[in-house]
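Accompanying notes for the structure given below.
The values are calculated or read from the model by the stated rules, or taken from the named source; none is laboratory data. Given the structure is predicted, the values throughout are model-derived calculations rather than measurements. Note: ideal-geometry Cβ built from the backbone for every residue, glycine included; neighbour counts use all protein chains shown.
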């Protein structure tokens, strides 16, 4: 019984891995993946730039820029 359960979980994990791999392959070229640029957001905000200016310059959402800071 334990071996069957382990096999089912292994199949699910392999399926999820393939989903992630195909999603990354389908991402547009030049798309930045991973964490946003927190240091750049802080530096631009300290220089007086608005959240909208920061988001347009770094190509991230306004909400993400606010949340990062």
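Brief remarks follow.
Yes or no, residue by residue, for (1) surrounded by 11 or more Cβ atoms within 10 Å (Cβ to Cβ); (2) part of a loop (DSSP other than H, G, I, E, B):
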| residue | (1), (2) |
| --- | --- |
| 35 | no, yes |
| 41 | yes, no |
| 49 | yes, yes |
| 56 | yes, no |
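- Boolean, residue 22 is modelled with pLDDT of 90 or more and either touching a strand residue (DSSP E or B) at 6+ places or on another chain (Cβ under 6 Å) or assigned to a helix (DSSP H, G or I) (or both): no
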